[in-house]
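Okay, so here's the structure we're looking at.
The values are calculated or read from the model by the stated rules, or taken from the named source; none is laboratory data. If you're wondering where the values come from, they're calculated on a predicted model, not measured in any experiment. FYI the Cβ positions are ideal-geometry reconstructions off the backbone, even for glycines, and counts take in every protein chain you see. All accessible areas refer to the heavy atoms of the entire protein, side chains included, with ligands and DNA or RNA removed. Shrake-Rupley method; radii C 1.70, N 1.55, O 1.52, S 1.80 Å.
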Amino acid sequence: AIADNRIVVGCAGSAYVFGDRTQELTPSDAEAYFGSTVAISNDVIVVGVKEDATYGGAYVFRSNDGNFTQLQKLTSDTAHDAFGSAVAISNDLLVVGASGDAHYSGSVSVFRSTRDGSFFKQVDHLTATDAAAWDMFGLAVAVAGDVVVVGAPGISGSGAAYSYATTTRQSSLRSTTP
């Protein structure tokens with residue numbers, strides 16, 4: 001992930017920030033899959049853990065004078081849902097994919113930071129209107145401004161992308177390739 005003059009790279013058990021200085025990010029608790037996915041926006045980095053022993057997660061780090069420290073850990077209440085399989089952030093909007101939720105039909109949790117930026121609070125939970133097992137909705141996510149795009153590669157064998165505005169849900173975009 002790249003933003004401004006920083007590059008974030010995830011690897012097994014940690015994530016690295018390269019820029020004016022190099023920093024290794026590690027979770028407050030030991031997570032073997034920490035670093036599976038990464039995202040950055042401004043002074044916030046999100047590191048996904050697609051699944052540990054039973055639950056995945058997303059760790060939020062904030063920069064204070066160039067030094068990133070863990071702000072919070074976002075988790076799911078559902079075991080083995082692959083929460084953290086994809087992460088994306090744009091300004092105060094953060095999304096976390098759980099592509100293994102509900103027999104791999106998948107879901108996405110949407111978070112907004114508080115006004116003071118001290119933590120992220122869940123504001124929505126997205127699922128595909130035509131969800132079916134093995135769609136893997138949430139395996140890929142992207143955010144730009146107030147628009148969230150969610151990939152579901154298992155739909156109809158060709159995949160699909162869904163776009164949502166954070167205030168109203170919009171139409172589904174389907175892939176045209178077989």
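The table below gives the values:
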| quantity | calculated |
| --- | --- |
| Student exercise, the chain dipole from Lys, Arg, Asp, Glu Cβ charges, in Debye to nearest 20 | 280 |
| Length gained when the stretch Ala133-Asp20 is fully extended (0.36 nm per residue, less Cα-Cα span) | 36.2 nm |
| Percent accessible area from carbon and sulfur atoms, the chain, protein chains only, probe 1.4 Å | 52 |
| Simple spin-label estimate for Ser156 and Arg115 in nanometres, 7 Å along Cα-Cβ | 4.5 |
| Ranked packing of 57-66, 109-118, 94-103, 147-156, most packed first, by mean Cβ within 10 Å | 94-103, 147-156, 57-66, 109-118 |
| FRET E, pair His125, Gln70, Förster distance 22 Å, beta-carbon r, rounded to 0.05 | 0.40 |
| Charge sum, other residues only, whose C-beta stays under 12 Å from Val47's C-beta, Lys/Arg counted +1 and Asp/Glu -1 | 0 |
| For the chain: Kirkwood Rh in Å [reciprocal of mean 1/r, alpha carbons] | 16.1 |
